[in-house]
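J.: Have a look at the structure that comes next, please.
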Amino acid sequence: MEFSKKRILIIGGSSGIGRGIAKCFLDLDAQVCITGTKESIKDYGLEDTVSLKSEYLQLDFLKPAALDELVLPFEILDVLICSQGTVQYKRKEFEMDVFREVLDVNLTSMMACCQKFKPLMTNIGANIMLLGSGASYKATKGNPAYSASKGGILTLVKTLAEAWAREGIRVNGIAPGLVATKLTEVTFKDKNRYASSLKNIPLARWGEPEDIGHAACFLASEKAGYITGQMITVDGGLGLS
Ligand SMILES: NC(=O)c1ccc[n+]([C@@H]2O[C@H](COP(=O)([O-])OP(=O)(O)OC[C@H]3O[C@@H](n4cnc5c(N)ncnc54)[C@H](OP(=O)(O)O)[C@@H]3O)[C@@H](O)[C@H]2O)c1
């Protein structure tokens, strides 16, 4: 796969899966810009390839007008990946203000990014990816907002794919299984919950951010040029039973 001179924007690339995706594109010589909520990439305290080689922009969807004011280092964008996401535990998502906030960060912000950056996606092969989840397909116990946002992403992918195909823009999604990130700390930091989660994964391990990154590179590449409107599951078989 060839990404040199390709410009990739990863919303939510500061951490977890987005960071793993950024690493995979950098390894293939792409120009990568990532966003995170903190002021500087140094605030994440990681001296890795992503910190050293990507451009960083601060973006917090809970701050009004933050996206409107965001200025990219590129005038043309080849690939947009939306990997932002949040979740609230202890049944907080049953409170309406929390429900709305999670929907804003997880779903509405993805539509807003697609609308804002689509005009820059004029190159042949331009494409978009949105991070869904196993929760795009089934109930998530105790998390109505997370689940509704991920269900929404599944049909947003299909609707935008249909709308923009004739303009040459493909739109796909990736639905990860369990990957150890800030979002899943409550599970993997608890010995018993972690052990019991492993029993449900046929490939017998949690995913690495790079597992998702490799799938993202494939979907972004010319090899996936006839794939649009699909949510690709990358979960070690977790969703099979
Ligand atoms: N981890 C899993 O097992 C798993 C499974 C299925 C789906 N997913 C999905 O994968 C995506 C990435 O999640 P992750 O697991 O990598 O979690 P993560 O490590 O917490 O990363 C989430 C990213 O979203 C950003 N973000 C959070 N709140 C934001 C806000 N208000 N405004 C702008 N950006 C915000 C974070 O910025 P900061 O770094 O500054 O906080 C970070 O870059 C999410 O859409 C998630 O739902 C994850």
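J.: Would you pick out the residues in segment 163-207 that are closer than 30 Å to Asn127 by Cβ and part of a helix (DSSP H, G or I)?
T.: Answer for segment 163-207, where residues must be closer than 30 Å to Asn127 by Cβ and part of a helix (DSSP H, G or I): Ala163, Trp164, Ala165, Arg166, Glu167, Lys182, Leu183, Thr184.
J.: Scan segment 47-67 residue by residue and report those that are without any contact (Cβ under 8 Å) to a residue 12 or more places away in the chain and either of a type outside the set (Gly, Ala, Ser) or over 25 Å from Val157 (Cα atoms) (or both).
T.: Within segment 47-67, Glu47, Ser51, Leu52, Lys63, Pro64 meet the criteria.
J.: Next question, about the same structure. Taking the residues in segment 17-31 that are under 11 Å from Ser54 (Cβ atoms) and more than 13 Å from the ligand (Cβ to nearest atom) as candidates, determine which candidate is surrounded by the most Cβ atoms within 10 Å (Cβ to Cβ).
T.: Phe25
J.: Quick check: anything in segment 119-134 in a loop (DSSP other than H, G, I, E, B) and within 13 Å of the ligand (Cβ to nearest atom)? Give the steps one after another, and end with the answer.
T.: Kept after step one, since they are in a loop (DSSP other than H, G, I, E, B), are these residues of segment 119-134: 121-126, 132-133.
Filter again for within 13 Å of the ligand (Cβ to nearest atom), leaving 132-133.
Checked against the condition, which is being in a loop (DSSP other than H, G, I, E, B) and within 13 Å of the ligand (Cβ to nearest atom), segment 119-134 yields at least one hit.
J.: Looking at Glu75, Glu101 in this structure, which one is at pLDDT 95 or above and farther than 25 Å from Ile169 by Cα?
T.: Residue meeting the stated conditions: Glu101.
J.: Of the numbered conditions (1) among the acidic types (Asp, Glu); (2) within 16 Å of the ligand (Cβ to nearest atom); (3) crowded, with 22+ Cβ neighbours inside 10 Å, Asp78 fails exactly one; give the number of that condition.
T.: Evaluating Asp78 over (1) among the acidic types (Asp, Glu); (2) within 16 Å of the ligand (Cβ to nearest atom); (3) crowded, with 22+ Cβ neighbours inside 10 Å leaves (2) as the failure.
J.: With the condition kept exactly as written, say whether any residue in segment 32-45 is surrounded by 19 or more Cβ atoms within 10 Å (Cβ to Cβ) and closer than 14 Å to Ala216 by Cα.
T.: yes
J.: So Ser14 fits all but one of (1) under 23 Å from Ser221 (Cβ atoms); (2) within 12 Å of the ligand (Cβ to nearest atom); (3) buried (at least 23 other Cβ atoms within 10 Å of the Cβ); what number is the exception?
T.: Single failed check for Ser14: (1).
J.: Let me ask something else. Looking only at segment 38-70, filter to residues that are basic (Lys, Arg) and in a helix (DSSP H, G or I); which one of those is farthest from the ligand (Cβ to nearest atom)? Break it down into steps so the answer makes sense when it comes.
T.: Residues of segment 38-70 basic (Lys, Arg): 38, 42, 53, 63.
Retained after the next criterion (residues that are in a helix (DSSP H, G or I)): 42, 53.
Numbers: Lys42: 13, Lys53: 17 Å.
That would be Lys53.
The values are calculated or read from the model by the stated rules, or taken from the named source; none is laboratory data. Not measured: the values here are computed from a predicted model. Glycine gets a Cβ as well: all are built from the backbone with ideal geometry, and neighbour counts include every protein chain shown.
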